[in-house]
């Protein structure tokens, strides 16, 4: 007779088996239809979830779901950093900085004020929702740019913005939560905004961001030294394992000292992927090992994250708040994003972005993994708008993935941004 633990283990293994079988089929269909795989995974999650077949029924607040979200998001952000080439980053760093800091604030303010008016919630709560939504989704973007040869500087800039914005969006969410001062047993107070509040919030933001960069740089250098043939690295045969150490070490060390774990893993990825710039060059075979290992792991993480995400869509909440949520989506996609791109790309005179490239930037703005992880964190604070936020965020995720992600390759082709069209 099986013990309760064994029964639960068999149940979870069966769940994973079903998800991976469905995921492989979905990935193949996505390839045939030339769609981003995350779109099919999301639809599969809805089909397998409680609303349809009921095969996948994992609570968004469960330990397993949280572990998958945190590790998967960290791994995917690390992968994004690893893909970024220093020579491209050096040329477009002004644009990336504007998009991920100034642009992030513009997105948060416009979306937050719009959400506050549409949903009838306090302005500070609207800004919190805007901060959650401001995080982009490298899980959707990275596979698109791997599958379709989009112009290099455009692809690299979008990926870098995505990963940076994920980190800064998560940091800003933490800062706004601190301003609100939500406790699990309290209703939301009305915070007062004064010079001391602004200075404290700014200090917190820069501490989280700067600390994350510092930790990520240190972790990346250590991992690069472990693999570098120039520095006598003694773990050159274990590149995949070192990559896991970089993700877990970067995230956990940063969180332990209360700085941004997401910023840390992204920075570690950049350092490891550009180790030659830091005199820690890796052999070609080692880099190939890293990418041969990371690509399939990223695929499995996308399967798990988006199938679980789709299965957790609460259609009851969406029916209650659907029209308001859709209005927030329209503000987010067609007002906040174009204004953000305009104020972030036009000032960068060194790159001289074309109108077609700016149109592509306006449309390429998927939301997913990080927003889902953040709303899971918000749900545990006792925020009275948490259920409303969940409905809005799921609608935004569905809209940006099903509408924007699925049409990104088509738009790139129409705008002449594929490498073979250059």
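The values are calculated or read from the model by the stated rules, or taken from the named source; none is laboratory data. Nothing here was measured: the structure is a model prediction, and the numbers come from that model. Because the Cβ atoms are built from the backbone with ideal geometry, glycine has one as well, and the counts that use them run over all protein chains shown.
Condition check for residue 327 on (1) within 30 Å of residue 102 (Cα to Cα); (2) within 21 Å of the chain's Cα centre (by Cα): one failure, at (2). Taken over the stretch 5-15, the criterion of being surrounded by 12 or more Cβ atoms within 10 Å (Cβ to Cβ) and free of Cβ contacts under 8 Å to residues at least 24 places away in the same chain is satisfied by 9 alone.
Yes/no per residue for (1) closer than 30 Å to residue 413 by Cα; (2) in a loop (DSSP other than H, G, I, E, B); (3) in contact with a helix residue (DSSP H, G or I) (Cβ under 8 Å, 6 or more places away or on another chain):
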site: 14; (1), (2), (3): no, no, no
site: 28; (1), (2), (3): yes, no, no
site: 32; (1), (2), (3): yes, no, no
site: 35; (1), (2), (3): yes, yes, yes
site: 40; (1), (2), (3): yes, no, yes
site: 51; (1), (2), (3): no, yes, yes
site: 57; (1), (2), (3): no, yes, yes
site: 64; (1), (2), (3): no, no, yes
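Restrict the check to the stretch 76-90 and report whether at least one residue is modelled with pLDDT of 85 or more and under 20 Å from residue 160 (Cα atoms). Checking the stretch 76-90: at least one residue is modelled with pLDDT of 85 or more and under 20 Å from residue 160 (Cα atoms).
Those residues that are at pLDDT below 80 and assigned to a helix (DSSP H, G or I), I need them from the stretch 204-237; list them, please.
Within the stretch 204-237, the subset at pLDDT below 80 is 204-205, 228-237.
Of everything in the stretch 204-237, those that are at pLDDT below 80 and assigned to a helix (DSSP H, G or I) turn out to be 204, 205, 236, 237.
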